[in-house]
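Please treat every number below as a calculation from the coordinates, not as lab data. Bear in mind the structure is a predicted one, so any value in this text is a computation, not a measurement. FYI the Cβ positions are ideal-geometry reconstructions off the backbone, even for glycines, and counts take in every protein chain you see.
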Amino acid sequence: MATDNFNKSRILGQGGQGTIYKGMLNDGRIIAVKRSKIIDESQLEQFINEIMILSQINHRNILGLLGCCLETEVPLLVYEFISNGTLFQLIHDQNNEFPFSWHMRLQIASEAAGALAYLHSSSSMPIYHRDIKSTNILIDEKYRAKVSDFGTSRSISIEQTHLTTHVKGTFGYFDPEYFQSGRFTEKSDVYSFGVVLVELLTGKKPVSWTTLEEEKSLVARFILSLEEESHLYDILDDRVRKEGEKERIIAVANLAKRCLNLNGKKRPTMKEVTFELEYIRMSSLPINSQQYILNEDEYGIVERMRPLDSATTSISIASNLSYRKSYSSSSNVQP
């Protein structure tokens, strides 16, 4: 396994748990190797936890673990190599000239949602990811989504409805309800995914440290923009505004709003999110390229597509006072 002795030129990325290097196996396969930092016991537990989680699951939109080594001075995890970086880079890299189209955004959103729906309801035991964000959604050579980074994920028994833990996650993405209560549920992943949907719609980062105090939170700005349709269009990414069909943009915006409900019980499940995104995506494709059946093995759903009814896509205006209060009070939290 060649990483040139973990040469710095091979570094693909760095995170809290360690550094990821590009490598090659003897058979010529390109791989990604996560090398842990000189670690304490808790970090070793996260590495072992990631191995346990990934050994339970097999899904085309979840990063595949090829192997591991826990007997070296620092642990190593070996993954399939994903060539096109992260969704965060695809959305936010100003030097990226790739035409990140509206249809591609819908496809990536649908694939990532399907992976989460699988984790929550179709894997051998329900799994909460606990750190969904655009940097943890990788993009392969065919621009398909791969959900990654399971170091803080947890599998639970079917009877469990939540985890009570120390709050972990990424500022701008984590669920306010979880932040206040310490109780993580599957709907906490739904909230984080809702933030990713807003990123895809707007092209903006979840938190801006250069804007006015009341504009730091993208979620707060997005929710308030839904008060009027024209305000929503002001906040959209240019490519979404130019390429997207009005009814489908509004449908995705309404879905994101439901994912971001401050009351977790009122958020959709990831299964429902997956179906709605696939329904919107297929409705926006030419009729001869539509695939009418969703895969029951992956999502636990079988539904037949129908043309999207524009009457169902109008923005529902509700009081946003709770959002104003919640996000103005949390905007001073430091990452």
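Which ³J(HN,Hα) values, rounded to whole Hz and listed in residue order, are derived for the stretch 47-63 from phi using the Karplus coefficients 6.51, -1.76 and 1.60 in 6.51 cos²θ - 1.76 cosθ + 1.60 with θ = phi - 60°, glycine and proline given as x?
Calculated HN-Hα couplings, in order: 4, 5, 4, 5, 4, 4, 5, 5, 6, 8, 10, 8, 8, 5, 10, 10, 4 Hz.
Between Q94 and K37, what is 0.36 nm times their sequence separation minus the Cα-Cα distance? Round to one decimal in nm.
17.5 nm
Order of 185-193, 100-108, 227-235 by packing, highest average Cβ count within 10 Å first?
The packing order, highest mean first, is 185-193, 100-108, 227-235.
For K133, give me every one of the lysines with a C-alpha distance below 17 angstrom, ignoring sequence neighbours fewer than eight places off in its own chain.
K146, K168, K187, K204, K205, K257
Within the stretch 17-78, which GluC sites (Glu not before Pro) sit in a loop by DSSP and count at most 12 neighbouring Cβ atoms inside 10 Å?
E71, E73
Give me the extension gain from S208 to E71: residue separation times 0.36 nm, minus the current Cα-Cα distance, reported in nm with one decimal.
Computed gain between S208 and E71 is 45.1 nm.
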